Amino acid sequence: MIDSYRHKGMRQRLVDSIRRKGIKDEKVLEAINTIPRHSFLDSSFLEFAYEDKPFPIGSGQTISQPYTVAFQSELLEIRKGLKVLEIGTGSGYQACVLEEMGAKIFSVERQKKLFTRTKLFLNELGYKAKLFYGDGNKGVKAFAPYDRILITAAAPDIAEALLDQLKPGGILVVPLGEGGVQSMMKITKHKNGEISSENFGSFRFVPLLKNKAND
Ligand code: SAH
């Protein structure tokens, strides 16, 4: 993997543009400034790697727009050592951002090909995120409970299993809704077990699929 001065310059400009759009968490901005996003895309797409846009990564899926990654990461209020469960590993870019911020990452992907490719790739880059193949709606019980849960696909509803696997005092971030546009929701599970939610506006994600894992 080559990370040249040119790449670093492009990355700095991307970070500047995300900051201008309102992201304030310095840990988020620093993570984006560190991770070689171009290496998550085929090398012929270098020009697209540092544009603030989503991009196809094969298997009909996309690597999320950097601003969206930053927005979700900021809502999660990450601190060093927090356990985070991500649903929808995709390219692995979001997982790396959270890991750079100091979190311990567990991430589930339902597409076998993507899972296999991303597992190998994150390993090559030296990230330690634990990746799982399966239906993220079930969560990953073996490592529960989690301080934070992040859903990176459009969810029609929030699976009960995920709320069960969230620690009291924990935060779950999800683009909620069917159809083309979702509402970015921050769900808080209070210490007494009560659930409250806040709406952070409209975003567009590929759908979170309900059925079992497939290739
Ligand atoms: N976080 C990713 C982008 C995710 S795109 C990144 O940083 O690149 C949404 C991903 O969710 C896709 O890879 C899709 O295959 C996956 N997905 C959809 N339904 C799922 C489910 N039920 N369980 C796990 N992953 C799912």
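The values are calculated or read from the model by the stated rules, or taken from the named source; none is laboratory data. None of the values given here were measured: they were computed from a predicted structure. Note that each Cβ is placed from the backbone with ideal geometry, even for glycine, and that neighbours are counted across all protein chains shown. What goes into the accessible areas is simple: the full protein's heavy atoms, side chains included, and nothing from ligands, DNA or RNA. Shrake-Rupley method; radii C 1.70, N 1.55, O 1.52, S 1.80 Å.
Quick notes on this one:
- Long-range neighbours under 6 Å by Cβ, at least six apart or interchain, first residue among the β-branched types (Val, Ile, Thr) within region 25-45, second in a helix (DSSP H, G or I): 28/70; 28/73; 28/74; 32/15; 34/100; 35/96
- Among the residues making up region 100-151, a single one is open to solvent by less than 40 Å² (accessible area, probe 1.4 Å), in contact (Cβ under 8 Å) with a residue 40 or more places away in the chain, of a type in the set (Asp, Glu) and outside any loop (DSSP other than H, G, I, E, B): 147.
- Number of positions in region 142-155 that are closer than 13 Å to residue 207 by Cα and away from the ligand (no atom under 16 Å from the Cβ): 0
Residues are listed down the side, and each one gets a yes or a no for (1) open to solvent by 40 Å² or more (accessible area, probe 1.4 Å); (2) in contact with a helix residue (DSSP H, G or I) (Cβ under 7 Å, 6 or more places away or on another chain):
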residue: 13; (1), (2): yes, no
residue: 18; (1), (2): no, yes
residue: 23; (1), (2): no, yes
residue: 42; (1), (2): yes, no
residue: 48; (1), (2): yes, no
residue: 64; (1), (2): no, yes
residue: 75; (1), (2): no, no
residue: 78; (1), (2): no, yes
residue: 98; (1), (2): no, yes
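- Qualifying residues in region 156-211 (those that are within 16 Å of the ligand (Cβ to nearest atom) and acidic (Asp, Glu)) - the one most open to solvent (accessible area, probe 1.4 Å): 178
- Hits in region 1-11 (condition: open to solvent by 20 Å² or more (accessible area, probe 1.4 Å) and charged (D, E, K, R)): 3, 6, 8
- Only one of the numbered conditions (1) crowded, with 24+ Cβ neighbours inside 10 Å; (2) in a strand (DSSP E or B) is not met by residue 89, and that is (2).
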